[in-house]
Structure formats: C-alpha cells, structure tokens
Amino acid sequence: MARMIRIFDTTLRDGEQSPGASMNIEEKVLVAKQLARLQVDVIEAGFAFSSPGDFEAISRIGQEVEGPIVCSLARARPEDIKKAWESLQKASKARIHTFLSTSDIHLQYQFRMTRDEARSRAVEMVQLAKSYVDDVEFSPMDATRSDLTYLCEVVESVIAAGASTVNIPDTVGYTTPQEFGHIIRTLREKVLHSEKAVFSVHCHNDLGLAVANSLAAVHAGAGQVECTVNGIGERAGNASLEEIAMGLRTRRDFYDADTRIHTEEISKASRLVSKITGMVVQPNKAIVGANAFAHTSGIHQDGLLKEKSTYEIMRPETVGLTQSRLIMGKLSGRHAFREELIHLGYALSDDEINAAFERFKHVADQKKEIFEEDLEAIVSEAATRVPEHYSLKGLEVRSGLGQQPEAMVELLVDGQTITRTKEGDGPVDAVYRTIADMVQTKSRLLSYVVKAITGGTDAQGEVAVRLEEDGETVMGNGADTDIIVASAHAYLNALNKIRSLLDKRAMGDKKITLC
Ligand code: KIV
Ligand code: ZN
C-alpha cells in the first residue's frame, strides 16, 4: 500500500514572507478554510511572537478551522514558545514548531553560538514545547549546509527530547535532489531511534529545485513535505503544494506514495491565494498556470481527439478545472444563495452571508447569469472586508475620443460625505487622482491589473491594485461589471487596508521578521 505523505502547508507563514504578500486576519482565515477543504494535514498559521496580528490569526484559525493540525512557529527562545502555545489554546489539534540553525555559517555569524550551545538550546526548547503540547516539530535551519555528522547528533538529541517531527530545511535553496536524498537516507539510517519521528522537508526554490528536492526526499523516506499554494514564499518561494500533490498522485507507481489532498480543490485554492496576495501565477506554471492544460500543437490536438492519454498525463478536472458553471440568476433568493455556498464548500457566518447576498444582488442586477467564479469573487470580497474609513457613494466619469477624462467622486470619509472632481490622463487615472486628493494619501500605486472573471462582454471585471506606504505593501481588490467602478473599489479597498495597518502600527502592532 502507498505511504501517505503528510502535507504541511506554510502559505500563511513562509508564503506570507514573500515581498508584498502580507494578508490580514480575515484573509488568512479564508485561506485556512480553503486549506482545510484541500485536506492538508497541517496548517502553519503564523509566527505568534512576531506580532499581535499573527497571534490573533493563529488563534482565530485554531478556533474556526476544523480538520488540519494548526501549527504555530517559534524561534528557539522560551518567550516565543510560550507565545506559540498561547496562540494555540483554541485549536483542537495543536503543534509547536521551533527552529534553530545548525550550519557553521549561521552559528558563527548570525547566532554567535558554538555547536554544543546550539544543540543544548535545541534540546531545552523542544523539552519546553513538549511541556505544553505533545506534537512538537523541530527544524535545524540551514540543514543542507550543515556538517552532516553534527546534523545527525542534533537530530538524535531532539528526538530523544521528544520532537515527533524533524523537519530538514533547505533554507537557501542550495541542495540538489541526489544530495538531499542522501541527507535524508543518512539521517534515517544513522540517527538512533529515527523511527520515533516523522522526517519532514522544507525546500526553497532559489535554484528552481524545491519540488524536485522534496520529491527526492520522499523517495528517500521523508514522511512530510512543507509547501505553499502556488509555491509562494521567501525569495524564489517554497515547494509548490499543487506540484507535490499532483507529482505524487500522478507518479504513485514510482514513488509508492500519495497524499490526502483533495486535488479537485487545487484550482480554487490557487485563485484565492493569488487574488489575496496579488502574486500573479505565471501562465506556464505547472498544474495551476493558465496554459497548464492548453494544447496548441496540431499534432497534440490530433492525438488528444483520438485518445486523451496520448498527450495528457492528468485530467484538468482532477485539479478542479471545469467549464464555468452557470449557477444562479437575478431571481435566486437568499435560501438558494446559501445552499449554493454550502455546495461550493463555503461555511460563512450569518453576517458574512448577508454581506455576500447584498453584493450578489447588486451583481445579478447588472449581469443576468452568475457563474461559480463570480460567486467566489463575491464571497472572498465579503469575507475579507476591512473597517471602511472610506467608501464609495457615487461616481461619474466623462471620457471619450479627443476628450480630457474627468471624474466626479462622492466618498464617505470617516462618516462625512465629500465630493470632488478632477481630470486625469485616462478615466482610471482621473478617478484615482480624485480619490487620492480626497483622502490625502501618501501611498504609491505599485501595480494595477484588470481581468475578466468569466467570458462575455457582460463579465465582471476584477481589479487588483498594490499600494505602498511607509514600508507597508497591501493588495486591494474590487469587482464589478463596470471596470471603472471596480477600479475605484479596488483602490479604496487598498487605502482602507493601509490605513488599518498604519493605525495598528501606531498602536504598537509591528511585525518582527524571522532571523
Ligand atoms: O526556510 C527555513 O529554514 C524556514 C524554517 C523556519 C523552517 O522557514
Ligand atoms: Zn522557509
């Protein structure tokens, strides 16, 4: 029987470390619920000590997300481990993940510790974590550049101290499949009582080898893979969850291993993470790229028409790619709306359903047919709303051939209605200049992307903008059948987020980054 490999998802922790990919608490909860639908085994929900926001996100996920183990990251310091434990109080299945470097480069230059000191600290911290919770994971950071004999000693010591999972990180994406396979095999063979722990791997993609290295480790006996949706993460990212899951499912014959991932949820997870983080998926990305299942060569198409298996190693439906499904219309009521959400796997609170239903009515008024993707956009927008300092009350735009575009915007700013008119280079520019002037923002627009959610000229346009202010970067999203209105919503959504973030920061909620 095939071995079941555990999938440890770190989209909300390492994934969030991607530049500009920060998520607010509601967004993290939404992603965590989708990870639960994907049936990942472990969700690394954050680094509790790093900020009150991370702490609250872990707590909320522990309380609201059922199924996976919820894991909180901690440096090998007592105060971090205590905080990690506090953040997990509401989780029914909890794990503390603590880490300390083992490479001489890190120990000498960064931690200023000897090998012996690092080993003792690792043991003490695993024991401390174990005094709080049974499920403890330890990571010797920069393991792949560590002396292998010393790595074996540390791993043996933390297993003796009670670590039930030992994760081997390729922190800087340096290793190769053959070398990594050798490291995992050596650890399993040389470490006393290696069978008492699950060996895990955590690979970064600096040389484009994160997935290959992870799969080589599975082949060598690793029982857990750490990965992220769309492969987002620090620098070049982490191993991509969808590639690991489909690699093992498609080549189960070779690896004699599989995962519990409900692969039909992969596309939805990819779209959600891309939308929330603003990290666009490259079209030729394996499994989830727009071209991943598109065959253009005449010879391939001919073969496919005769027999799918000639050129198709995976069915698109297996990763949740289906024809856009018409699901509702203008006359659908609240009950049908709620039922459809349940059918699509969304468990929303009454307030969230009410907010989403309002939005649905608005969209259905403008667009006769509502597809599954429209509903996804509506739900994520309703569930990730931030406190609204600024909201759109009215918008009129004049533009056309040979005319200077002009926008008249009516906003509610902290309870006060204001109206202003300004010109711009184009209709969106006119709207953005007017809003920026009204809210007196110092933020810089880093990117603006517009795309149609479904086909047809009556499709909703989805706009994603990225703003930067004072070192903070946020994404804003807006959807509407009118792309100028969608653009205004996206800009205001980003401005509301940046304002909440800066307000929180002023109150002391500043995230510390991992060393
Ligand atoms: O890349 C890394 O080493 C990490 C550890 C915290 C596991 O992310
Ligand atoms: Zn990492």
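The values are calculated or read from the model by the stated rules, or taken from the named source; none is laboratory data. Everything numeric in this text was worked out from a predicted model, so none of it was measured. Every residue, glycine among them, receives a Cβ derived from its backbone with ideal geometry; neighbour counts consider all protein chains shown.
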### Message
Filter the stretch 363-406 down to the residues that are touching a Ser or Thr at 6+ places or on another chain (Cβ under 6 Å) and free of Cβ contacts under 8 Å to residues at least 40 places away in the same chain and list them by number.
### Response
405
### Task
Would you mind stating whether residue 139 is more than 30 Å from residue 86 (Cα to Cα), assigned by TED's automatic domain parsing to the domain that holds residue 202 and touching a residue at least 12 places away in the same chain (Cβ under 8 Å)?
no
### Residue selected from the stretch 140-182 under the condition touching a Lys or Arg at 6+ places or on another chain (Cβ under 8 Å) and assigned to a helix (DSSP H, G or I), by the criterion nearest to ligand 1 (Cβ to nearest atom)
154
### Task
Might you let me know whether the stretch 188-201 holds any residue that is crowded, with 16+ Cβ neighbours inside 10 Å, within 29 Å of the chain's Cα centre (by Cα), aliphatic (A, V, I, L, M) and assigned to a helix (DSSP H, G or I)?
no
### Task
Determine whether residue 367 is basic (Lys, Arg), farther than 25 Å from residue 474 by Cα and out of contact with any Phe, Trp or Tyr (no Cβ under 8 Å at 6 or more places or on another chain).
yes
### Query
Hey, any hits in the stretch 202-213 for a residue that's away from ligand 2 (no atom under 15 Å from the Cβ) and surrounded by 22 or more Cβ atoms within 10 Å (Cβ to Cβ)?
no
### Query
Mind checking which residues of the stretch 238-277 are part of a loop (DSSP other than H, G, I, E, B), over 19 Å from residue 42 (Cβ atoms) and touching a strand residue (DSSP E or B) at 6+ places or on another chain (Cβ under 8 Å)?
256
### Task
Take the stretch 219-235 and flag every residue that is part of a helix (DSSP H, G or I) and either closer than 24 Å to residue 45 by Cα or within 16 Å of ligand 1 (Cβ to nearest atom) (or both).
229, 230, 231
### Query
Looking at (1) charged (D, E, K, R); (2) surrounded by fewer than 16 Cβ atoms within 10 Å (Cβ to Cβ); (3) in contact with a Gly (Cβ under 7 Å, 6 or more places away or on another chain), can you tell me which one residue 112 breaks?
(3)
### Query
residue 17 fails exactly one of the following numbered conditions: (1) closer than 28 Å to residue 342 by Cβ; (2) out of contact with any Ser or Thr (no Cβ under 6 Å at 6 or more places or on another chain); (3) within 15 Å of ligand 1 (Cβ to nearest atom). What is the number of that condition?
(1)
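Looking at 93, 82, which is the one that is touching a Pro at 6+ places or on another chain (Cβ under 8 Å) and surrounded by fewer than 18 Cβ atoms within 10 Å (Cβ to Cβ)?
Details: 82 fails: touching a Pro at 6+ places or on another chain (Cβ under 8 Å).
Among 93, 82, only 93 is touching a Pro at 6+ places or on another chain (Cβ under 8 Å) and surrounded by fewer than 18 Cβ atoms within 10 Å (Cβ to Cβ).
So how many residues does the stretch 390-428 have that are surrounded by 18 or more Cβ atoms within 10 Å (Cβ to Cβ) and either closer than 30 Å to residue 29 by Cα or out of contact with any helix residue (DSSP H, G or I) (no Cβ under 9 Å at 6 or more places or on another chain) (or both)? Let's see the steps before the verdict.
Quick first cut of the stretch 390-428, residues surrounded by 18 or more Cβ atoms within 10 Å (Cβ to Cβ) only: 390, 392, 395, 397, 405, 407, 409, 411, 422, 424, 427-428.
Filter once more, so that each one left must be either closer than 30 Å to residue 29 by Cα or out of contact with any helix residue (DSSP H, G or I) (no Cβ under 9 Å at 6 or more places or on another chain) (or both): 390, 392, 411.
Result for the stretch 390-428: 3.
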### Query
For residue 216, which of the numbered conditions (1) small (Gly, Ala, Ser); (2) surrounded by 15 or more Cβ atoms within 10 Å (Cβ to Cβ); (3) away from ligand 1 (no atom under 16 Å from the Cβ); (4) over 17 Å from residue 168 (Cα atoms) fails to hold?
(4)
